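Encoded as structure tokens, the structure appears first; notes follow it.
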Amino acid sequence: MQNKYFLVLSTAPVDVAQELGRRLVEKRLVACVNIIDNVASYYFWQDKLSCEEEHLLLMKTTAKILPELEKYIKIHHPYKIPEFLTIEIGGSTDYLDWLERQVG
């Protein structure tokens, strides 16, 4: 494996997640996006406890593309501070080869 592979997690409002996921795949910033519906997120924002219904995006990409993906999400996500968590992953050689071919 010459590249490192990552699973990127981000939540988004219900009305944004599908479009954001589609654009990320079209732009080849991710090989695949899985969207998990109806995630309840509790957090403090501006010193107030908030609870929002969101969708969770599970995105697969490479280390090479990671900075560009983060930049794109920061620009196109409606939140001032969008969630952007990365987990280095491994997997089958066939899948990782496919993943690498899909992203720029």
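Can you work out the Karplus-derived ³J(HN,Hα) for every residue in segment 87-104? Use 6.51 cos²θ - 1.76 cosθ + 1.60 with θ = phi - 60°, whole Hz, and x for glycine or proline.
3J(HN,Hα) across segment 87-104, in whole Hz: 10, 5, 10, x, x, 5, 4, 4, 5, 5, 4, 4, 4, 5, 5, 7, 9, x.
Based solely on its DSSP helices, what 222 nm [θ] is calculated for the chain when runs of n ≥ 4 H residues each add -39,500 (n - 2.57) and the sum is averaged over all residues, nearest 500 deg cm²/dmol?
Only helices count here, giving -10000 deg cm²/dmol.
Please list Leu58, Leu69 from largest to smallest accessible area, probe radius 1.4 Å, with all protein chains kept in place.
Details: Leu58 35, Leu69 0 Å².
Greatest to least solvent exposure: Leu58, Leu69.
Ordering Ile65, Ile35, Ile75, Ile87 by how much accessible area each has at a 1.4 Å probe, largest first, what is the list?
The ranking, largest first, comes out as Ile75, Ile87, Ile35, Ile65.
Lys pairs in the chain, Cα-Cα under 14 Å, at least 8 apart or on separate chains: how many?
Lysine pairs satisfying the spacing and distance rule in the chain number 5.
Calculate one ³J(HN,Hα) per residue across segment 59-74 by plugging θ = phi - 60° into the Karplus curve 6.51 cos²θ - 1.76 cosθ + 1.60, and present them in order as whole Hz with x for glycine and proline.
10, 10, 8, 10, 4, 4, 8, 3, x, 5, 5, 4, 4, 4, 5, 4
Under a 10 Å cutoff between Cα atoms, tell me which one of Ala31, Ala40, Ala63 has the largest fluctuation in the Gaussian network model of the chain.
With Cα springs under 10 Å in the chain, the top fluctuation among Ala31, Ala40, Ala63 is at Ala40.
Please list, ordered by chain and number, the residues whose modelled amide H lies under 5 Å from the amide H of Ile89; skip anything fewer than 5 residues away on the same chain.
Tyr5, Phe6, Leu7
Ranked highest first by average number of other Cβ atoms within 10 Å, how do 5-13, 17-25 line up?
Packing proxy ranking, top to bottom: 5-13, 17-25.
Taking all protein chains as present, what is the carbon and sulfur share of the accessible area of the chain, in % to the nearest whole number, probe 1.4 Å? Numbers along the way, then the final one.
Details: 3410 of 6540 Å².
Roughly 52 percent of what the probe reaches on the chain is carbon or sulfur.
The values are calculated or read from the model by the stated rules, or taken from the named source; none is laboratory data. Remember, it's a predicted structure, so these values are computed and weren't measured experimentally. Here the Cβ is made from the backbone with ideal geometry for all residues, glycine too, and neighbour counts use every protein chain on show. Ligands, DNA and RNA are stripped out before the accessible areas are found, and what is left, the full protein with its side chains, is counted by its heavy atoms. Shrake-Rupley method; radii C 1.70, N 1.55, O 1.52, S 1.80 Å.
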